[in-house]
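**Q** A single structure is presented below for examination.
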Amino acid sequence: MLDTSSLGGLESFRNWNDIIVIAYGFVVLAVAGLFRREVLRSKTFATLLAIGFGFFVIHTAVDSIVASSFVWKDVPEEGSKLLSVYLLFLATTARLVLLIEEMLSAHR
């Protein structure tokens, strides 16, 4: 719908959903900046979050810039996506475990 609107097509990116995914990344960076003290309370969480976001950047860059006609494009794109999601899940789980430990030790 955006391609046929007054905004038209894109020259630097393959399509509009790439711009939307990049915007999500900037929103996540802003939220992480707002909660940086909480993020940095756990070095494990911060490290896994940063590495996971790094793989998100790789995935988004490959998806947005490399043409679909390249057969090899799917390997780094999908691999980076899987690693990103897995590391973000690990980061969240690690932080949850730490919060549960803190709550349990407070009740002893």
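The values are calculated or read from the model by the stated rules, or taken from the named source; none is laboratory data. None of the values given here were measured: they were computed from a predicted structure. Here Cβ is always computed from backbone atoms with ideal geometry, including for glycine, and neighbour counts include all displayed protein chains. Please note that ligands, DNA and RNA were not included when accessible areas were found on the heavy atoms of the full protein model with its side chains. Shrake-Rupley method; radii C 1.70, N 1.55, O 1.52, S 1.80 Å.
**Q** With the full set of protein chains in place, find how many percent of the accessible area of the chain is carbon and sulfur; take the probe as 1.4 Å.
**A** 71 percent
**Q** What FRET efficiency do you get for ARG37 and TRP72 if R0 is 35 Å and r is their Cβ-Cβ distance, rounded to the nearest 0.05?
**A** Values: r = 42 Å, r/R0 = 1.19.
Result of the calculation: an efficiency of 0.25.
**Q** Counting other Cβ atoms within 10 Å, keep those with at most 16, restrict to DSSP loop, and tell me which chymotrypsin sites (Phe, Trp or Tyr not before Pro) in segment 21-108 are left. Please report the intermediate quantities before stating the final value.
**A** Values: sites: TYR24, PHE26, PHE35, PHE45, PHE53, PHE55, PHE56, PHE70, TRP72, TYR86, PHE89; in loops: PHE35, PHE70.
Here the sparse-neighbourhood loop sites are PHE35, PHE70.
**Q** OK, next. Dipole size in debye (nearest 20) for segment 7-108 around its Cα centre, Lys and Arg Cβ +1, Asp and Glu Cβ -1?
**A** 460 debye
**Q** From the P(r) of the chain, could you give the percentage of C-alpha pairs in the tail past 21 Å?
**A** The share of Cα pairs beyond 21 Å in the chain comes to 50 percent.
**Q** How large is the translational diffusion coefficient of segment 52-108 in µm² per second when you combine the Kirkwood radius over alpha carbon pairs with Stokes-Einstein at 10 °C and 1.306 mPa s? Mind showing how you got there, number by number?
**A** Details: Rh = 13.1 Å.
Taking Rh from Cα pairs, D becomes 121 µm²/s.
**Q** Please give the length that would be gained between GLU102 and ILE19 if that part of the chain were fully extended, namely 0.36 nm times their separation in residues minus their C-alpha to C-alpha distance (nm, one decimal).
**A** The span from GLU102 to ILE19 would gain 25.9 nm if fully extended.
**Q** Report relative contact order for the chain in percent, whole number only (criteria: Cα-Cα under 8 Å, sequence separation at least 6).
**A** Numbers: 77 pairs, mean separation 29.4, N = 108.
Value for the chain: 27 percent.
**Q** A further question follows. Could you work out [θ]222 nm for the chain from helices alone, using -39500 (n - 2.57) per DSSP H run of at least four and dividing by all its residues? Round to the nearest 500 deg cm²/dmol.
**A** Calculated at 222 nm, the ellipticity per residue is -25500 deg cm²/dmol.
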